[in-house]
Each structure stands twice: as structure tokens, then as C-alpha cells.
Amino acid sequence: MPDNFKNLNTITELIKRKIYKKKDTRFIVIMENWQLIVGEAIYEKSNPIKITKDQSLIVEVNNDILIDFKFSSEEYLAKINKLLGYNKNINKILVVQKYY
């Protein structure tokens, strides 16, 4: 009897690729590695939004970690550029406060 069930990770990966197909491939790499870039605590309270035309990464951040995120943003920027390769660099990180 054939196995008709697919792994959930396989299905969600295909959906994610379709959603981000029109997006910058650098953004996909950042989204997939966001937890490695910022760490577990910041990962749960932040979300990259988009890369602008002037090569800035816009990140939405919860109010309670806003100052910590801004303080560490240069470190995150260095990790992102190392991950992407320095020829495809992001110039800066712009922080947007998340409101509930």
C-alpha cells in the first residue's frame, strides 16, 4: 500500500517558497536563519519585514526588547552580511515598534 502522507516540513517549505518567490532571495535567507542571527529570546519577539530599495532591513520588534535590539543591531547586521556574503550586503537595520 503506497504511503500518501507527506512530511509537514516538506509541505510548508513549498508553500513558503511560493509566498516568497517574488521577494528578494536575501530576504528568504534572512527569514530562514532569523533565529540563528538574533538568538532565541529576540527571535520570539521580532520579525524581519522587508528589504527596502536602499538595502535596509526593516524589522518589527516588541516594545519590551526595543532598546536591547537597537543596541545589538550592528552585531546582527554583521551576522546577516556574513551569512549573505559581503557582496550582497544589507546597509542598515531599521527598527519598527510592534503595537498590540
Inset, instruction - Express the relative contact order of the stretch 43-98 as a whole percentage, based on alpha carbon pairs under 8 Å and six or more residues apart in sequence. - result: 42 percent
Inset, instruction - May I ask for the net charge around Q55, where only other residues with Cβ less than 12 Å from the Cβ of Q55 are counted and Lys, Arg are +1 while Asp, Glu are -1? - result: +3
Legend entry - Cα-Cα over 18 Å, subset of K50/K92; K70/K98; K45/K92; K53/K82; K53/K88: K45/K92; K53/K82
Inset, instruction - Calculate one ³J(HN,Hα) per residue across the stretch 49-59 by plugging θ = phi - 60° into the Karplus curve 6.51 cos²θ - 1.76 cosθ + 1.60, and present them in order as whole Hz with x for glycine and proline. - result: 9, 6, 9, 7, 5, 8, 6, 9, 9, 8, 10
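Every number here is computed from the coordinates shown, using simple stated rules; none is lab data. Nothing here was measured: the structure is a model prediction, and the numbers come from that model. All Cβ positions, even for glycine, are placed from backbone atoms using ideal geometry, and neighbour counts span all protein chains on display.
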